[in-house]
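First comes the structure, then the notes that go with it.
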Amino acid sequence: MKGLLIYERHESIRNHRFIEYWLDTARVKNVDLKLVLIEEMSFGLRDNKPFLVVNGENVTADFAVVRAKKPLLSHHLEKMGIAVFNPAHVSEILNDKRKTHALFQDDFPMMDTAFVEGESPSPFPYPVVVKSSGGCGGREVRLCDNEESYYQALKDFAYSAVVQPLCDTPGRDVRVYMLGKKILQCMLRYSDTEDFRANFGLHHCARPIDIPDDIRRMALEAADRFDFGLVGVDFIFDHGRALFNEAEDVVGTRMLYQYTDMDIVPMYMDYILARL
């Protein structure tokens, strides 16, 4: 069994220990897993057939774990007959917050949400939360109190964003880790500063909790809509209600290793091998 573990170079440096654990786990399970960097590959069509070249050599595999927001690449690998985790349609939807909200608008309660292109004025009174359409990890999210900060955020996010009113419980959310159709763990994330974001990757706090019934229902319904691999489904709170916020395709797992006994890499590898 041959597999590809795909990263962008800068993310591979930041996640080098996680990558080594993937490679070690693959060896234990007799899987030939190769780390491939986006910057070392080219892909396209030759004689009307899809190809993938890495460092000048043609490459194929049985499966690929794509730890990068590259829906086109994921679609291309699937055209080559390579099983992709997460699948391309998951990557395409979840890596665009506009598409994610549009897809789930009839299923889950969520904050009022505007899809902003260009220099459109704020559709809601300030303060508003501006999120880059393709951002993740809370790194491309701004709280804007006035027009100047609002238009600066749009400019920084290449004029493609979702805009929402600020919920009444900022700095607190819930992430549900899912593997396929199964809920693995529910984590409460919270800021111990004045930061309105709760992302663990921004050095805030987290702890495992029992999953509330309403969040369990929404997470399972989300899984019914998609052929998930490993994802995180996030919920925020407003006026006492849990609201769908977003779902992460290239979801981080540091919380699981720091605060639980869950060993997600071999679990994910077993899931992949069972699917194949």
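No lab work stands behind these numbers, since they all come straight from the coordinates. Computed from a predicted model, the values in this text were never measured in an experiment. Glycine gets a Cβ as well: all are built from the backbone with ideal geometry, and neighbour counts include every protein chain shown.
Results, tabulated for the structure shown:
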{"item": "Contact order normalised by residue count of the chain, Cα under 8 Å, 6+ apart, percent", "result": "16"}
{"item": "Listed residues Ser12, Met110, Ser122: farthest to the positive end of the dipole of the chain (Cβ charges)", "result": "Ser12"}
{"item": "Residue among Glu57, Glu78, Glu92 with the largest mean-square fluctuation in a Gaussian network model of the chain, springs linking Cα atoms under 10 Å", "result": "Glu57"}
{"item": "Over the chain: helical MRE at 222 nm, DSSP H runs n ≥ 4 each giving -39500 (n - 2.57), nearest 500", "result": "-8500 deg cm²/dmol"}
{"item": "Square roots of 5 times each gyration tensor eigenvalue, C-alpha, the chain, largest first, Å", "result": "33, 23, 17"}
{"item": "Hits among aspartates and glutamates - C-alpha to C-alpha of Lys49 under 20 Å, sequence gap 8 or more where chains match", "result": "Glu57, Asp62, Glu78"}
{"item": "Beta bridges per DSSP with both ends in the chain, % antiparallel, nearest 5", "result": "80"}
{"item": "Kyte-Doolittle mean at least 1.0, axial Cα span of 27 Å or more - DSSP H helices of the chain", "result": "none"}
{"item": "Theoretical FRET efficiency, 1/(1+(r/R0)^6), r = Cβ-Cβ of Phe237 and Asp32, R0 35 Å, to 0.05", "result": "0.20"}
{"item": "Selection of trypsin sites (Lys or Arg not before Pro), segment 107-150, meeting DSSP coil and at most 16 other Cβ within 10 Å", "result": "Arg139"}
{"item": "Cα-based shape type of segment 2-85, given that a ≥ b ≥ c are square roots of the gyration tensor eigenvalues and the cut on a/c is 1.5", "result": "prolate"}
